[in-house]
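Here the structure comes first, spelled out in structure tokens, and everything after it is commentary.
What follows draws every value from the coordinates through simple rules; no lab data is involved. All figures in this text were calculated on a predicted structure; none of them were measured in a lab. So basically every Cβ, Gly included, is an ideal-geometry build from the backbone, and we count neighbours across all protein chains shown.
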Amino acid sequence: MERKEHIISLLVKNAPDVLARIAGALGGKGYNIESLCVNATADYNVSKIVLTTRGNLATLNRIEKLLNKLIDVIQVDVVNPDRFVEKELTLAKIKIAEEFRSKIAVDIDSYKWKVVWLNGDYLILEVTADKDEMDQILQHLSELGMVEYTRTGTIVIER
């Protein structure tokens with residue numbers, strides 16, 4: 001059986017311990033959360049949780065049913081890439097080595113990356129991409145002197 005990555009978008013009550021109950025319910029059944037993003041929506045009483053997990057379709061169906069049973073969950077959407085826009089944000093710190101200086105400058109311009117901080121030896125880039133592209137970008141940046149990065153995980157919005 002194929003263990004594919006799945007993205008699930010939840011609308012939940014914006015209240016204490018909601019995230020802990022969701023994580024506990026999933027963990028208690030042996031399901032792992034690969035990435036997680038949470039924030040309040042335009043309605044402060046509602047939060048949006050976007051999580052990714054791995055499994056086959058039967059596993060995904062069980063997770064969806066489990067989440068729908070939780071009292072604080074308002075809506076569960078299994079993300080269909082045709083209906084949603086998916087992105088990740090990464091901040092990457094790069095040591096500017098002389099031999100890569102021109103390559104980094106070309107990449108910043110070509111890929112429309114944003115420099116958010118710069119001194120003589122280091123720069124911090126803001127990069128936005130989908131998950132697969134982000135994996136490739138981070139591999140490329142590590143070859144150009146990346147010393148550290150932080151990554152949001154997947155966020156989605158319906159088209």
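Annotation for region 1-109: trypsin sites (Lys or Arg not before Pro) lying in DSSP loop with at most 12 further Cβ atoms inside 10 Å of their Cβ are Arg3, Lys29, Arg83. Note on region 4-78: Cα-Cα pairs beyond 18 Å make up 31% of the total pair count. Of the cross-linked pairs Lys48/Lys114; Lys4/Lys114; Lys65/Lys131; Lys95/Lys131; Lys29/Lys131; Lys13/Lys65, those separated by over 29 Å at the C-alpha level are Lys4/Lys114. Extent along the principal axes, Cα only, for region 84-158: 42, 19, 18 Å, with the longest axis given first.
By the helix-only formula, in which each DSSP H run with n ≥ 4 contributes -39500 (n - 2.57) and the sum is divided by residues, the chain has a 222 nm mean residue ellipticity of -9500 deg cm²/dmol. In this structure the amide hydrogen of Ile74, modeled in the peptide plane, comes within under 5 Å of the amide hydrogens of Leu11, Val12, Lys13, none closer than 5 places in sequence on its chain.
Coupling constants for region 115-122 follow from the phi torsions by the Karplus curve (6.51 cos²θ - 1.76 cosθ + 1.60, θ = phi - 60°), and in residue order they are 7, 9, 7, 8, 9, x, 10, 9 Hz; glycine and proline get x.
Scaled against 2.2 N^0.38 Å for its residue count N, the alpha carbon radius of gyration of the chain is 1.23. Shape class for region 35-77: oblate, because the ratio a/c of the largest to smallest gyration tensor axis (alpha-carbon atoms, square roots of eigenvalues) is 1.5 or more and b/c is at least a/b.
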